[in-house]
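A.B. asks: I am attaching a structure below and will ask some questions about it afterwards.
Rule-based calculations on the coordinates, nothing more; no lab input. Please read these numbers as outputs of a predicted model, since none were measured by experiment. Virtual Cβ from ideal backbone geometry, glycine too; neighbours counted across all protein chains shown.
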Amino acid sequence: MSSAALRQPMSLKILSNGFLAFWCIVAAFPIAWIAVMSFKTPIDAFDSNPFRVIFGPHTRTNIGGLSLIDIVLGLALAGMLVRQAIRWLPGKVVEYAPNGRTGISWLVGGGAYALVSLVLLVVVLPAVLGVLNPLLGPLGTSIVGLTTEHYEAVWIDRGFTRNFANSMIVTSGVVLVSLTVGTLAGYGLARADSVIAFWLLVVALVFRALPHSVLVAGYLPYFITSAEWLAPIFGDAAPTLYGKPWAIIAVLVAINQPFTIWMLRSFFQNIPAELDEAARVDGCSHFGAFRRVIVPVMWPGVITTGLFSFLLAYNDFLVTSLLLDAQNMTMVPAIANMFNRETTASDEVQAIAAAVSITAPLFVLVLVFQRQIVSGLTAGAVKG
Amino acid sequence: MKKKTFAIFVGPSVFMMVLFIAAPLLSIFWLSVHVTQPVYEQVEVETCTPGLLGSVCTTELKTRPLLDESGRILTQTTFVGLQSYRNVIEPEKLRSAIANGSWRELMNIRFWSALRFTLVFTILTLPLVLGTGLLIALAVNNTLQRIKGPVIFVSLLPFIITPVIGALSIRWLFIGDGILTAGLEWWLDRDIAMFAQAWTIELMMYMYRVWHVAPFAFVVFYAGLQTVNNDAVEAAIIDGATRWQRLRYVIIPHLMPLVIFLTLIHLMDAYRVFEEIVGFSASAYVISLQWLTYEFLLQDGTGARAISRASASAILTMIGVAVLLGLPLRRVWRERKGS
């Protein structure tokens, strides 16, 4: 069969690619736009003329902005850093990996690279430009208004760093516990062929459908009074579960379990059972086989599942806002509180800056793990 | 695998699910038929104020909460039957609304308006999400190999973004004289306030949800398109099928299992609609069932939480999701059995 019969008429191609371009704009525009708004003074950020929002005349005259040379050099440096990250970094990471442990090497190498990039962009580049700009005349005068005052206000004055730290504690706790518990269960379910295993999966599916508020309604009264009913067991040291990050971690892990075990089970089913059977024949116990044979090859599936656990914990609003007190608040409820109060326009832009700050890590996440996310999304579907 | 090894592998996970999912389900059932209240006592209090001729004394009957030895308010839990359910669904108001045939009166009862919005939201966004996802998948499948990667990257952004933040980002485009409201005003040449009435807010919520979930449908459909049997497509071409017929009779039937999968996931997730209400600050205009429970769980002015009513509304929410998922699941079940 020649491909000629499958060739498409020009009109269809234009239509289909036009639609695609339209979708890309729709998908990216809201996020890109709040990123632009967050760098402007309130007057510019909420202007009804889009060009005034982009170029920020009020910001430029009152605070300052970027000159042509700033933009060119900034983009060039950022482009170079990304290019090096793709071309040069992977080779070095593998080269210097201790005993072939590329995971740790990526963690250290990637972290160091990110740190160096940040210093170059935030410290070195502005210093160089500060010298260059006055020398260059028209090229050095600012054309686009830009201010970082909202970011400073959010992160420094409003103590968003604490919310960030709380988010990190909850998120990393959920990912670690959820993967540990889920990996064992997923492996067990993948290798068992019993009626119990089948019903366990069905029940997990039912649990997956439960709205989270239903569950929180069940926890809340007991969490608040836990010091009383835990007293017979722990005595005076009985903790109040309400507001404790580790209690939230346990709750989110449980909520996440149904999804985790389904996903990991489908990954483990793709690992041929002959592999661990061979290890068992050689005298390994089930756990020995799991540790020596399965653990080394399971990482792609575990990383993918971990990404989705991360997203669940990082994005959660309902559970964290109800079960955490103000001191241990994570980022999402903190932002919701920020704009729910009677606010001035300046507060509003600060909330936007906080929203952009919380989205940036997710952006990097998609950039790095795009393939894993796509495979994770389709894993459940293709298995049926 | 032996039963014992299986139990050890699955044990921790099952323990977590029993403790934090199954047990709360039982507990909300118990909580919904009981009410915990402070115990009050009535005491005669004599208060005297200094007057011109000696002091003026009045005695009055006051109610005050009883305290235990350590000074905490004593509470008492009583069985109230279905009273909390009645407080949530408000049968008297419901009856009068039906008797008067007044839709507006019915929508003034929070539970029924929440139920109405949740169901409309779930049903209405389903075809939009499936359709948009399929269109994007077909378009990406059609385009140049080189731009597929970047397009998938951009498409994933709305899906990956924190739901509350995503809703907020759309809100900021429309609020006040936001950029898109200004654009609409210029285009339609009239004054528009997107946050002043319920239906525009609802419209934005539908748009947001489609924007947020369509990428998921797209990725799943796109993966499905890679496995379309080329022989079947070629046979259809030889038989003279038009492009539309090939799509309708070869490709879509091939994707049907994925459509069912996405429908089930979408019903589960859209029924949980909640973050939109936070992001669009919509609670004064439209609320969903999850929001109703959330609202009962929040502290009111006196610091109390309406736990019983929250549990009753949670149980009702659960019945709703069971009914909603029961119908399509039964169909899938029958087809499995039949085949």
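A.B. asks: What Rg and what Dmax come out for the protein assembly as shown when only alpha-carbon atoms are used, in angstroms?
C.D. replies: Rg, Dmax (Cα atoms, Å): 29.3, 116.
A.B. asks: Return A:S226, B:S102, B:S308 ranked ascending by Cβ neighbour count within 10 Å, so the fewest neighbours appear first.
C.D. replies: Least to most surrounded, the residues fall as B:S102, A:S226, B:S308.
A.B. asks: Which of rounded, prolate, oblate describes region A:212-288, given a ≥ b ≥ c as roots of the alpha-carbon gyration tensor eigenvalues and a/c under 1.5 marking rounded, otherwise prolate only if a/b is larger than b/c?
C.D. replies: oblate
A.B. asks: In percent, what relative contact order does chain A have, based on Cα pairs under 8 Å that are 6 or more apart in sequence?
C.D. replies: With pairs under 8 Å counted, the relative contact order is 22 percent.
A.B. asks: Next question. May I ask you to list the aspartates and glutamates whose Cα is less than 19 Å away from that of B:K93, ignoring any residue fewer than eight positions away on the same chain?
C.D. replies: B:E105
A.B. asks: Also, I was wondering about something else. For B:V120, put the label point 7 Å out on the Cα→Cβ axis and report which residues of region B:134-173 keep their amide N under 12 Å from it.
C.D. replies: Backbone N within reach: none found.
A.B. asks: Which of these, A:R265, A:R371, A:R60, has the largest mean-square fluctuation under a Gaussian network model of chain A (Cα springs below 10 Å)?
C.D. replies: A:R371
A.B. asks: A follow-up question, please. Between A:I261, A:I25, A:I43, find the one with the highest GNM mean-square fluctuation for chain A; connect C-alpha pairs within less than 10 Å.
C.D. replies: Of A:I261, A:I25, A:I43, the most mobile in the Gaussian network model is A:I25.
A.B. asks: Angle, helix B:163-174 long axis vs. longest principal axis of chain B, Cα atoms, 0 to 90°, nearest 10?
C.D. replies: 80
A.B. asks: Further, regarding this structure: Taking amide H positions as placed 1.01 Å from N in the peptide plane, with prolines and chain starts having none, which residues 5 or more places from B:H34, or on another chain, fall under 5 Å of its amide H?
C.D. replies: Result for B:H34 returns B:V80.
A.B. asks: Against the longest alpha carbon principal axis of chain B, how many degrees, from 0 to 90 and to the nearest 10, is the axis of helix B:23-32 turned?
C.D. replies: The two axes meet at around 50 degrees.
A.B. asks: Also, quick follow-up: Which lysines, if any, have their Cα less than 21 Å from the Cα of A:K13, not counting same-chain residues under 8 positions apart?
C.D. replies: Output for A:K13: B:K148.
A.B. asks: For a test of the definition: using alpha carbon positions, the gyration tensor, and the 1.5 limit on a/c, classify region B:184-319 as rounded, prolate or oblate.
C.D. replies: oblate
A.B. asks: Which shape class, rounded, prolate or oblate, goes with region B:278-334 when its Cα gyration tensor gives a ≥ b ≥ c as root eigenvalues, a/c under 1.5 marks rounded, and past that a/b bigger than b/c marks prolate?
C.D. replies: Because a/c hits 1.5 or more and a/b fails to exceed b/c, region B:278-334 counts as oblate.
A.B. asks: In terms of Cα to Cα distance under 13 Å, which aspartates and glutamates are near enough to A:K244, apart from those fewer than 8 places away along the same chain?
C.D. replies: Answer for A:K244, where 13 Å is the Cα cut-off: A:D325, listed by chain and number.
A.B. asks: By counting other Cβ atoms within 10 Å of each Cβ, how are B:L61, A:L121 ranked from fewest to most?
C.D. replies: Lowest to highest Cβ neighbour count: B:L61, A:L121.
A.B. asks: In addition: Would you calculate a helix-derived [θ] at 222 nm for the protein assembly as shown, using -39,500 (n - 2.57) for each DSSP H run of n ≥ 4 and dividing by the full residue count, to the nearest 500?
C.D. replies: Taking each H run of at least 4 residues, the total per residue is -22500 deg cm²/dmol.
A.B. asks: Arrange A:Y314, A:Y219, B:Y40, A:Y96 by Cβ neighbour counts within 10 Å, fewest through most, would you?
C.D. replies: Arranged by neighbour count, lowest to highest, A:Y314, A:Y219, B:Y40, A:Y96 become A:Y96, B:Y40, A:Y314, A:Y219.
A.B. asks: Then there is this: Check the cysteines of the protein assembly as shown one by one and keep only those with no other cysteine Cβ under 4.7 Å from their own.
C.D. replies: Flagged as lacking a Cys partner: A:C24, A:C284.
A.B. asks: In addition: Between B:Q299 and B:V43, what is the label-to-label distance in nm when each label sits 7 Å out along the Cα-to-Cβ direction?
C.D. replies: 2.5
A.B. asks: Given springs between every Cα pair under 10 Å in a Gaussian network model of chain B, which of B:I147, B:I277, B:I315 has the largest fluctuation?
C.D. replies: Looking only at B:I147, B:I277, B:I315, the largest GNM fluctuation is found for B:I147.
A.B. asks: What helices does chain A have that are whole DSSP H segments, at least 15 Å long along their own axis by Cα, and with mean Kyte-Doolittle hydropathy of -1.0 or more?
C.D. replies: A:10-37, A:68-87, A:102-119, A:125-135, A:160-191, A:195-208, A:212-224, A:245-270, A:299-315, A:345-383
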